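Derivation of every value follows stated rules applied to the coordinates shown; laboratory data play no part. Being a predicted model, the structure only gives us computed values, none of them experimental. Cβ sites come from the backbone with ideal geometry, for glycine too, and all protein chains shown count toward neighbours.
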Amino acid sequence: MMKTQVLAVALGAVVAFAGAAGAHGPSRLKTEQTVVLDATPAEVWEVIGKFDDMSWHPAVASTEMMPEGAPADVPDESTRVLTLNADGAPTITEQLMAIDNEKMSYKYMITEVDTAVLPVTNYSSTLQVSDKDGKAEVLWKGGFYRGFPNNDPPAELNDDAAIAGVNGIYEAGLNALVERFGTVE
C-alpha cells in the first residue's frame, strides 16, 4: 500500500511539473552596447551623468523631473519623464535606482511606458563611463521582458521586437555621443 502511495505522489509531481513547464512565460532578456569615445571619462560623464538631462540623446525632446523641483540624484526619489516629441507625447517615466558619480554610473528603471512606444516591461538599465587608456568607454546595458507577458505574443510585442527597440535606443544615444566626441579606432 505504501509503495502505491509513493508512486502516486511521484506521478502527480511529474504531471504537475510538466504542466508548469508548458505554462512558462517569457524569459528575461538582456542587451548591452559599448563605445570608446575620443574624450576623457570626465568629459563624457559631464554630458550623460545628469539624470535630469537627457538632451544628449536625439530621441528625447525634453526631460522633466517629477514632481517639479524633485532632486535629480536621490535613488528611489528621483523620477524623470522623457518626452519623445516636441508635441508632448509619447513619454517614458523612469526612476533612479542608484547613482555613483565617483564610478560614473547610474542605474534606473522604467516605471511607465506604452508598449507601442517601447515593447518592453520590467525594464532596468545601467549607464556607465569608465577609463580605457585615458579615453571614455561608455557601457549601456539593460534587462527587461518583452511587451507581451504571456505565451504566443504578437510580432510587435515579442522578444525580437523588445530587443530591437532597446538596441535602437542604445544605438541612437551612443551614435550621438560618437558624433559629439568622435571615436577611438
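So what's the net charge close to residue 146: Lys and Arg +1, Asp and Glu -1, counting the other residues with Cβ under 13 Å from its Cβ?
Residues near residue 146 contribute -2 overall.
Helix 159-181 against the longest principal axis of the chain: what's the angle in degrees, Cα atoms only, rounded to the nearest 10?
That works out to roughly 20 degrees.
Tell me, what is the percent relative contact order of the stretch 72-123, built from C-alpha pairs under 8 Å that lie six or more residues apart?
The value is 28 percent.
In whole Hz and in residue order, list the ³J(HN,Hα) couplings for the stretch 124-137 that follow from phi through the Karplus curve 6.51 cos²θ - 1.76 cosθ + 1.60, θ = phi - 60°; x for Gly and Pro.
Result, ordered by residue: 9, 8, 10, 10, 9, 10, 9, 8, 10, 6, x, 10, 8, 9 Hz.
With only Lys, Arg, Asp and Glu charged, each at its Cβ (+1 for the first two, -1 for the last two), find how big the charge dipole of the stretch 27-181 is about the Cα centre; round to the nearest 20 debye.
I would put it at about 360 debye.
How big is D, in µm² s⁻¹, for the chain by Stokes-Einstein at 4 °C and 1.567 mPa s if Rh is the Kirkwood radius over C-alpha pairs?
Rounded, D is 70 µm²/s.
Quick check: pseudo-label points 7 Å beyond the Cα along Cα→Cβ at residue 89 and residue 102, how many nm apart are they?
4.6
Restricting attention to the stretch 19-107, which GluC sites (Glu not before Pro) occupy a DSSP loop and are surrounded by at most 16 other Cβ atoms within 10 Å?
Passing both the DSSP loop test and the Cβ count: 68, 77, 102.
Express the Stokes-Einstein translational diffusion coefficient of the stretch 110-185 in µm² s⁻¹, to the nearest whole number, given a Kirkwood radius over alpha-carbon pairs, 10 °C and a viscosity of 1.306 mPa s.
Numbers: Rh = 13.9 Å.
My calculation gives 115 µm²/s for D.
I'd like the orientation of helix 2-22 relative to the chain: the angle between its Cα long axis and the longest Cα principal axis, in ° from 0 to 90, rounded to 10.
Compared with the principal axis, the helix lies near 30 degrees.
Can you pull the percent of Cα pairs in the stretch 35-83 with separation above 14 Å? It would help to have the intermediate numbers written out before the result.
Values: 653 of 1176 pairs.
Of all Cα-Cα distances in the stretch 35-83, 56 percent exceed 14 Å.
Could you line up 44, 178 from fewest to most neighbouring Cβ atoms inside 10 Å? Mind dumping the intermediate values first?
Values: 44 24, 178 15.
In order of increasing Cβ crowding within 10 Å: 178, 44.
Would you kindly derive the ³J(HN,Hα) couplings of the stretch 83-96 from the backbone phi angles with the Karplus curve 6.51 cos²θ - 1.76 cosθ + 1.60 (θ = phi - 60°), listing them in order in whole Hz, with x for Gly and Pro?
9, 8, 10, 4, 7, x, 8, x, 10, 10, 9, 10, 10, 6
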